[in-house]
Ligand SMILES: [Zn+2]
């Protein structure tokens with residue numbers, strides 16, 4: 001209720017009632033200030049994508065590997081709360097272990113992260129986590145906080161119907177901001193817990209999320225600072241995320257065992273070998 005009043009007041013103060021307003025978050029049901037339309041969100045992501053991808057060494061140039069990542073992503077997109085989004089999943093060449101979601105539904109995992117995993121449910125977990133950042137609009141809300149609402153509203157206004165120069169400027173600004181955007185504690189825990197629900201609905205053993213978080217933890221223990229991507233530098237600590245994910249799994253209907261082998265592990269390992277060969281690692 002408090003959030004609703006904050007929203008209403010903020011909309012009046014900004015006189016942006018026609019451009020946006022208060023909406024209910026499709027995943028959590030909480031009220032939030034929402035200044036940009038779906039079309040603007042998609043256009044901003046589309047404009048930012050080429051620069052953003054270049055920043056992480058571009059897409060892996062192998063249609064079999066891209067189709068594999070897309071196929072897992074499609075299962076998660078199919079259970080999303082925000083079906084009006086066209087989710088697009090891709091694998092990037094960067095060696096730094098990381099994963100990202102741009103506004104509008106482009107979701108990426110790096111080769112550096114995929115090669116550290118051992119089965120498909122871990123990959124489904126990371127794609128589920130990033131799908132929540134789009135479905136729950138964490139990235140748009142995060143940009144709103146990072147850039148300020150006026151700046152983001154102004155960029156959103158230019159991205160559709162602006163001059164070519166203005167549209168390009170929007171792409172550069174969004175790509176730069178997304179590359180350094182770090183989500184808050186609450187967003188990360190939400191992405192883990194709803195990500196667990198999405199992957200379970202998509203047919204995966206939810207313990208894939210716990211396994212993924214253990215991979216992230218071993219990386220942050222082992223790697224030199226600066227070599228690890230934003231997904232691993234998050235607050236809260238990974239150990240806390242692991243405990244929270246286990247609690248979410250305990251509350252899920254059905255029986256889930258951390259000891260059950262992933263029936264898709266062999267398919268995953270085949271793809272991992274292909275990826276290493278493709279990149280010459
Ligand atoms: Zn995240």
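Residues checked against (1) more than 23 Å from residue 150 (Cβ to Cβ); (2) at pLDDT 60 or above; (3) touching a helix residue (DSSP H, G or I) at 6+ places or on another chain (Cβ under 6 Å):
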{"residue": "7", "(1), (2), (3)": "no, yes, no"}
{"residue": "12", "(1), (2), (3)": "no, no, no"}
{"residue": "21", "(1), (2), (3)": "no, yes, yes"}
{"residue": "28", "(1), (2), (3)": "yes, yes, no"}
{"residue": "32", "(1), (2), (3)": "no, yes, no"}
{"residue": "40", "(1), (2), (3)": "no, yes, yes"}
{"residue": "43", "(1), (2), (3)": "no, yes, yes"}
{"residue": "48", "(1), (2), (3)": "no, yes, yes"}
{"residue": "62", "(1), (2), (3)": "yes, yes, yes"}
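What residue, of 53, 84, 71, is buried (at least 19 other Cβ atoms within 10 Å of the Cβ) and away from the ligand (no atom under 16 Å from the Cβ)?
Details: 84 fails: buried (at least 19 other Cβ atoms within 10 Å of the Cβ); 71 fails: buried (at least 19 other Cβ atoms within 10 Å of the Cβ).
Going through 53, 84, 71 in turn, the sole match is 53.
Run down 122, 146, 141 and say which single residue is in a helix (DSSP H, G or I), surrounded by fewer than 24 Cβ atoms within 10 Å (Cβ to Cβ) and out of contact with any strand residue (DSSP E or B) (no Cβ under 9 Å at 6 or more places or on another chain). Write out each step before concluding.
Working: 122 fails: surrounded by fewer than 24 Cβ atoms within 10 Å (Cβ to Cβ); 141 fails: out of contact with any strand residue (DSSP E or B) (no Cβ under 9 Å at 6 or more places or on another chain).
Every option except 146 fails the conditions.
For residue 180, state whether it is within 27 Å of residue 45 (Cβ to Cβ), more than 15 Å from the ligand (Cβ to nearest atom) and surrounded by fewer than 21 Cβ atoms within 10 Å (Cβ to Cβ). Working first, answer last.
Values: within 27 Å of residue 45 (Cβ to Cβ): yes; more than 15 Å from the ligand (Cβ to nearest atom): no; surrounded by fewer than 21 Cβ atoms within 10 Å (Cβ to Cβ): yes.
Criteria not met by residue 180.
Scan 132, 107 and give me the residue that is within 15 Å of the ligand (Cβ to nearest atom), at pLDDT 95 or above and part of a strand (DSSP E or B). If you could, list the steps in order and put the result at the bottom.
Numbers: 132 fails: part of a strand (DSSP E or B).
Every option except 107 fails the conditions.
Among 169, 137, which is the only one that is over 23 Å from residue 91 (Cβ atoms) and within 16 Å of the ligand (Cβ to nearest atom)? So that I can check it myself, show each step before the final result.
Details: 169 fails: within 16 Å of the ligand (Cβ to nearest atom).
Within the list 169, 137, the selection yields 137.
Only one of (1) at positive phi; (2) buried (at least 23 other Cβ atoms within 10 Å of the Cβ) fails for residue 195. Which number is that?
Checking residue 195 against (1) at positive phi; (2) buried (at least 23 other Cβ atoms within 10 Å of the Cβ), the one that fails is (1).
The values are calculated or read from the model by the stated rules, or taken from the named source; none is laboratory data. Just so it is clear, the model here is predicted, and its values are computed rather than measured. Here the Cβ is made from the backbone with ideal geometry for all residues, glycine too, and neighbour counts use every protein chain on show.
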